[in-house]
Structure formats: structure tokens, C-alpha cells
Amino acid sequence: MSSNHVAFFDTTLRDGEQSPGCSMTTQEKLTMAHALEDLGVDIIEAGFAMASEGDFAAIATITQAVRKPRIASLARAKTEDIEMAARALQFADRARIHVFLASSDLHLEYKLKLGRAEALDLCGDSVRLARSLADDVEFSPEDATRSDRDFLVEMVRIAVEAGATTINMPDTVGYSTPEEYGRMFREVRERIPAIDAQGIILSSHCHDDLGLAVANSLAAIDAGARQVECTINGIGERAGNASLEEIAAALYVRGDRYGVSTSIKLAQLYPTSEVLGQLITFKPSPNKAVVGANAFAHESGIHQHGMLANPLCYEIMTPQLVGVAKTHLVLGKHSGRAALRHRLEQLGFALTREELQHVYYRFVALADRKKNIYDQDLVGLLPDGIRERRQEPVSELD
Ligand code: KIV
Ligand code: ZN
């Protein structure tokens, strides 16, 4: 892979599944893994083998059915976790063991009750064990962004010396800002020359507690990260993980700014989001970028008029780019005559200027009372004489 290739590490089936309403059976995880393969992700984190029998089974099943992406299992820095991950991955063509260990004093003291020196030893021992079981080992210093910087660098150095092939620096609690997150990557690269010299991949992993997960991921890419960890629809712990579709779309639409390549098939973004929405208990919110129901919907008269004149006025990408069938000009109380005429023409009704004016007044009065206006409502607004004049419609009634 060229050095400007950014690998997509999808953790929908691990970090994503760790959010309420998102747990999946093995069969559901397999369906999702196939969708992720079709989407073109480079790595699928299929689960946390030690967490449950279900997770172990899902990882093992996916390794046998999904061959293109690399398959990863998460493991704590514990012998039994790492050995379990290796067992779950034994049939994978290309496997990765992903070892994590907290690097912040807060986590070490309160969660793990470990001193810094013990943590460094554990890091080295765990990565060495993982490397004895797999060629590809990722190490994550958990809570990297709230860790003492010198200690973080020390831990990463030890992981690199022990054989880690990818170093992921998570913003575990979504605390960082883009500027700080990028600076952390630059500093770690500068202070550990072996990272670039040995071709070790740096990876971002961002949570969305302050709504900055995607911005932070892009800042990491700017600073040299060549792997991004993310989930479909941004599902994940608390406010979620960085959303895969937003990062992929941003890297494409702003290719002028980032200049990196990816293997993501953009037209699969919406279909993949749909697959996930059907497997878990909720869909993305309507205003979610790229895949939300309103991402390509326009309601106000000014925007609709601009869209009809030239879609570039209000859309920075076509819906088809990301696999959405078409733009929706939604008729509501902010819509204007142009959009009303357009929709009525699609439904087979050509109106004179005066007729349109008359129907428009009735439409605005209805839209003031009703949140959603359907095609049937529009037809109901037409005076009898017009209804009988219906020609061959371009579009069926919804
Ligand atoms: O958010 C996090 O720190 C994680 C690690 C286990 C990578 O999910
Ligand atoms: Zn996470």
C-alpha cells in the first residue's frame, strides 16, 4: 500500500456493539461482516473473544466466511485474553490481535490498580506474547489523550520494541480537540523514529462525547495516521465512535485538502448503513450527515429553487455518490411555488400560473397545520377540474 493509503478499521461489531440496543447475534454479525466486506473496509474488528462465548463464536465464524478484510479480535493485556483471541482467529487468512492497556494515571490507579512501571512491563510482555501468536499485532494505550505525554511515549516505545505493527492512540472518552489530537500524533512520531523507519502504522480511534470524533480522526490523518477506527452510523460507547461514512465522504469530497486514498466503495455507504439499521434497534437520526433520512432533503423555498436551477447550489455531493437513490424536495411550510409546481408536474398535473397560485395558498394553509405533506394531500388540494386533467405521471404517488 502506498504511504498515502488510509486503512479503514471498522469496529461496528466490537466497540459499536458495546452500545445499548446494538447487540447482535452471530448470524447478524455475519450479515454485517459481509456488508462491511462489500463496502471495502480493510480490517474488521469482529469482537472481543474473551468477552463471551457469543463473541468468540462470531469472530470464529466471520474468519471462515469473510476473506477479503483482515479480521481482528480485541484482547486485554492478559495472557488468557490474548490466547483466546488467537484461538478465535485461528482460521483467518489474515488475523490481527488487538491488545489494549490503559496509559492514563486515572485508569491505572482507579481501574487497574497498577503502577506505571508494572504497566510498562505488562505492555511489553503482552505485545511479545501476541506477536508469538500472530504476525499482525495492534497495541492501544487506552485513554491516550488524557495520559502523561512522556509516559505515553514510553509505553508506545515499548510496544514498538516488543513487535507491535500498528499503534492506535484512542481518545477513549472523546475529550480531545482536533488541534491537540493531531499534535499528539506528530509528537509520538517525532519522538519514536522507529515508527516511520519500520513502517509501523499509526491509528486514530475517536469517541464522540463532544461531537468531535470525525474532526479528530481527520486531524490524525493530517498528522500521519494511516489507519482510522470507526463504526457504521457512528454507533459505539456513550455518544458513539467516529462515523465511517462521514470520514470516507470527507476524505473524498475534500480530496483536495487531504490527498489520501482509501478502499471504501462510496456507493455502498448508504446500503451498509441500512443493513446495520435493520439489525439493531435504531436507525441514524434524520439529520445525520451522509446517511440520515434528511441528508439529501431540501424543504425551504429558497433552497428548493436553487436545487432545481443547479443541485450544486446546495449539495456538495450527489446522493448517488453514497448510494442514496435521489434528492428529496420535501414539501412543507417553507417550500415555494417552484417546488410545488415541480412535484405536481411529476404527478401528472400541469397547472397555469393562476391555478398554481390558488393551490399554493391552500398548500401553505395545510402545511401550517400538518408536519408531513404527502402526495395524496397535494392531490386533495386540487380543484376538481384540474384533477381530471391528469397526464402520464413521471412519478407515482407516495
Ligand atoms: O475507546 C477505546 O479506548 C477503545 C480501546 C479498547 C481501543 O475502544
Ligand atoms: Zn473505543
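Here are some notes:
- Among residues of region 378-394 that are over 20 Å from Ala365 (Cα atoms), those with a Cβ under 6 angstrom from a residue that is open to solvent by 50 Å² or more (accessible area, probe 1.4 Å), sequence gap 6+ or separate chain, pair up as Val394/Gln346.
- Some residue of region 199-212 being in contact with a Cys (Cβ under 7 Å, 6 or more places away or on another chain) and within 13 Å of ligand 1 (Cβ to nearest atom): no
- Search result, residues across region 23-52 that are part of a loop (DSSP other than H, G, I, E, B), out of contact with any Asp or Glu (no Cβ under 7 Å at 6 or more places or on another chain) and open to solvent by 20 Å² or more (accessible area, probe 1.4 Å): Thr25, Asp42, Ala51, Ser52
- Breaking point among (1) among the polar types (S, T, N, Q); (2) away from ligand 2 (no atom under 16 Å from the Cβ); (3) crowded, with 22+ Cβ neighbours inside 10 Å; (4) outside any helix (DSSP H, G or I), for Ser126: (4)
- Among residues of region 36-48 that are within 14 Å of Leu276 (Cα to Cα), those with a beta-carbon under 7 Å from a residue that is of a type in the set (Val, Ile, Thr) and surrounded by fewer than 24 Cβ atoms within 10 Å (Cβ to Cβ) at least six positions away or on a different chain give the pairs Glu37/Val66; Leu39/Ile264.
- Selection within region 305-329: residues that are of a type in the set (A, V, I, L, M) and within 23 Å of the chain's Cα centre (by Cα). The member of this set that is least open to solvent (accessible area, probe 1.4 Å) is Val322.
- Filter result (among the aromatic types (Phe, Trp, Tyr) and assigned to a loop (DSSP other than H, G, I, E, B)) within region 255-291: Phe282
- Of all the criteria given as (1) open to solvent by less than 60 Å² (accessible area, probe 1.4 Å); (2) within 16 Å of ligand 2 (Cβ to nearest atom), the one not satisfied by Thr177 is (2).
- If you filter region 1-22 down to residues that are more than 16 Å from ligand 2 (Cβ to nearest atom) and in a loop (DSSP other than H, G, I, E, B), you find that the one that is most open to solvent (accessible area, probe 1.4 Å) is Met1.
- Taking every residue in region 221-245 that is outside the structural domain of Met24 (by TED's automatic domain parsing) and pairing it with any residue that is away from ligand 1 (no atom under 15 Å from the Cβ), at least 6 positions away or on another chain, yields no pair with a Cβ-Cβ distance below 8 Å.
- Checking each residue in region 155-183 for being of a type in the set (D, E, K, R) and within 13 Å of ligand 1 (Cβ to nearest atom) picks out only Asp171.
- Scanning region 222-254 for residues that are more than 14 Å from ligand 1 (Cβ to nearest atom) and surrounded by fewer than 24 Cβ atoms within 10 Å (Cβ to Cβ) yields Asp222, Ala223, Gly224, Arg226, Glu246, Ala249, Ala250, Leu251, Tyr252, Val253, Arg254.
- Here Thr61 fulfils each of the conditions (1) more than 24 Å from the chain's Cα centre (by Cα); (2) away from ligand 2 (no atom under 16 Å from the Cβ) apart from (1).
- Residue in region 174-189 that is closer than 15 Å to Cys123 by Cα and either assigned by TED's automatic domain parsing to the domain that holds Asp15 or of a type in the set (S, T, N, Q) (or both) present: no
- Unique match (being buried (at least 19 other Cβ atoms within 10 Å of the Cβ) and either free of Cβ contacts under 8 Å to residues at least 24 places away in the same chain or among the acidic types (Asp, Glu) (or both)) among Leu74, Leu112, Leu108: Leu108
The values are calculated or read from the model by the stated rules, or taken from the named source; none is laboratory data. These numbers come from a predicted model, not from an experiment. Glycine gets a Cβ as well: all are built from the backbone with ideal geometry, and neighbour counts include every protein chain shown. Ligands, DNA and RNA are stripped out before the accessible areas are found, and what is left, the full protein with its side chains, is counted by its heavy atoms. Shrake-Rupley method; radii C 1.70, N 1.55, O 1.52, S 1.80 Å.
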